[in-house]
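Colleague: If you scroll down you'll find the structure; I have some questions about it.
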Amino acid sequence: HLTWVWRGVGNVESNHDICYAWSSDGGVSWKRTDGTPYTLPIDYTSGARIAAIGPHATLINQGTMAMGAKGEVYLATYFRGEDDTVPQYYVFCKQDGAWSRQRISQRTENFTLDGGGGTRGIPISRPLIAARHGECYVFCREVADSGRVGMYCGRYKEGSWTKRLLAQASVLYWEPSFDSYLWRTEGLLHLYLQRMMQDEGSTGENMVDMSAQPNYVLEVRLGDVRD
């Protein structure tokens, strides 16, 4: 399963539209949501959109995906929707051959991805999603939470989401990652943590002078966060 966005020019703010393709033969051939085949290579005119999002909507590239036990496909990303005043986290779900979406956050701080084609010092991280037994767990980091690790937890079918802060220490501009093999085989969520910095660079990669930082593994006990 693949999702992607298009970018009109080098500026990150030109990201637009979320598209989708899936393969049942290991990537030899690809299909749209409804099962109709793509003619390869997929291009801008043929890519099947699951969300028509225009440029300058603070749509981040590289959302994350997860599979449910009953074949449902989840996508987590962020953008500023039609009814939003600031960028929000969203979860999309493909089930029974159709896509739907839910806003899971209630953010109040605004920002833009505008500034060129270099690195961005973004006040929120990309989301990272995991799913099991009908429940979704979306991990993130927000400057508004003093840079602490956050988790949105909810059942997509019920449409209700709660947010927890999982650690006291700030991870600054960390982007979430976890042990996917351990999650898949044993149902354990272990996040990799490291305090990181990210500077603004309009034309390239800006370096930040930062001392060596320790690495941590944060074990998320799901029984605790459900209570």
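Colleague: Highest mean first, how do 81-93, 32-44 rank when packing is the count of other Cβ atoms within 10 Å averaged over residues?
Modeller: For the peptides 81-93, 32-44, the packing ranking is 81-93, 32-44.
Colleague: How far, in nm, would the chain grow between Leu165 and Tyr44 when pulled straight, counting 0.36 nm per residue and subtracting the alpha carbon separation? If you can, show how the numbers build up before the last one.
Modeller: Working: separation 121, 0.36 × 121 = 43.56 nm, distance 3.89 nm.
Value of the extension gain: 39.7 nm.
Colleague: Rounded, prolate or oblate for the stretch 104-145? Axes are the square roots of the Cα gyration tensor eigenvalues, ordered a ≥ b ≥ c, and the cut-off for rounded is a/c under 1.5.
Modeller: Working: a/c = 3.10, a/b = 1.95, b/c = 1.59.
It comes out prolate by the Cα gyration axes.
Colleague: While we're looking at this one, here's another question. Can you tell me the accessible area per residue over the stretch 1-127, all protein chains present, probe 1.4 angstrom, in square angstrom?
Modeller: 47
Colleague: Could you run the Karplus curve 6.51 cos²θ - 1.76 cosθ + 1.60 with θ = phi - 60° over the stretch 41-53 and give me ³J(HN,Hα) per residue in whole Hz, x for Gly and Pro?
Modeller: Values, residue by residue: x, 6, 10, 4, 7, 9, x, 7, 7, 9, 8, 8, 10 Hz.
Colleague: Still on this model: Testing the spin-label approximation: label points 7 Å from Cα along Cα→Cβ at Thr36 and Asp209. State their distance in nm.
Modeller: 5.8
Colleague: Check Val86: other-chain or 5+ apart residues with amide H under 5 Å from its amide H, H built from backbone geometry?
Modeller: Here nothing satisfies the definition.
Colleague: Only helical DSSP H runs with n ≥ 4 go in: add -39500 (n - 2.57) per run for the chain, normalise by residue count and round the 222 nm mean residue ellipticity to 500 deg cm²/dmol.
Modeller: The per-residue figure over the chain is -1000 deg cm²/dmol.
Colleague: Cα to Cα, under 16 Å, and not fewer than 8 places away if on the same chain: which lysines meet these conditions relative to Lys157?
Modeller: Within reach: Lys70, Lys94.
Colleague: If you don't mind, another one. Using modelled amide H (1.01 Å from N, peptide plane; none on Pro or chain starts), what sits under 5 Å from the amide H of Ile50, excluding residues fewer than 5 places away?
Modeller: Ile18, Cys19, Tyr20
Colleague: Treating the beta-carbon of each Lys and Arg as +1 and of each Asp and Glu as -1, no other charges, what is the dipole magnitude of the stretch 22-161 about its Cα centre, to the nearest 20 debye?
Modeller: On the way: 16 positive and 14 negative charges, 49 e Å.
Magnitude of the dipole: close to 240 debye.
Colleague: Relative to the present Cα-Cα distance, how much length would full extension add between Glu158 and Ala52 at 0.36 nm per residue of separation?
Modeller: Stretched out fully, the Glu158 to Ala52 stretch lengthens by 35.7 nm.
Colleague: Evaluate E = 1/(1 + (r/R0)^6) for Met67 and Val9, where r is the Cβ-Cβ distance and R0 equals 41 Å; express this FRET efficiency to the nearest 0.05. Walk me through the intermediate numbers first.
Modeller: Working: r = 33 Å, r/R0 = 0.82.
Approximately 0.75, to the nearest 0.05.
Colleague: Just to verify a number: FRET efficiency for Glu109 and His133, C-beta to C-beta distance, R0 = 45 Å, to 0.05?
Modeller: 0.85
Colleague: Something else now. Going highest first, how would you order 122-135, 182-195 by mean Cβ packing within 10 Å? Before the final figure, lay out each step's value.
Modeller: On the way: 122-135: 19.4, 182-195: 14.9.
Top of the packing list down: 122-135, 182-195.
Colleague: What number comes out for the charge environment of Ser46, summing +1 per Lys or Arg and -1 per Asp or Glu over other residues with Cβ under 15 Å away?
Modeller: Counting the neighbours of Ser46, the net charge comes to 0.
Colleague: Roughly to the nearest percent, how much of the accessible area of the chain is carbon and sulfur, given a 1.4 Å probe?
Modeller: So the carbon and sulfur contribution to the accessible surface is 50 percent.
The values are calculated or read from the model by the stated rules, or taken from the named source; none is laboratory data. Note that this is a predicted model, so its numbers are computed, not measured. Every residue, glycine as well, gets a Cβ built from its backbone with ideal geometry; the counts of neighbours run over all protein chains shown. The protein model used for the area step is the full one, side chains on, heavy atoms only, and it has no ligands, DNA or RNA in it. Shrake-Rupley method; radii C 1.70, N 1.55, O 1.52, S 1.80 Å.
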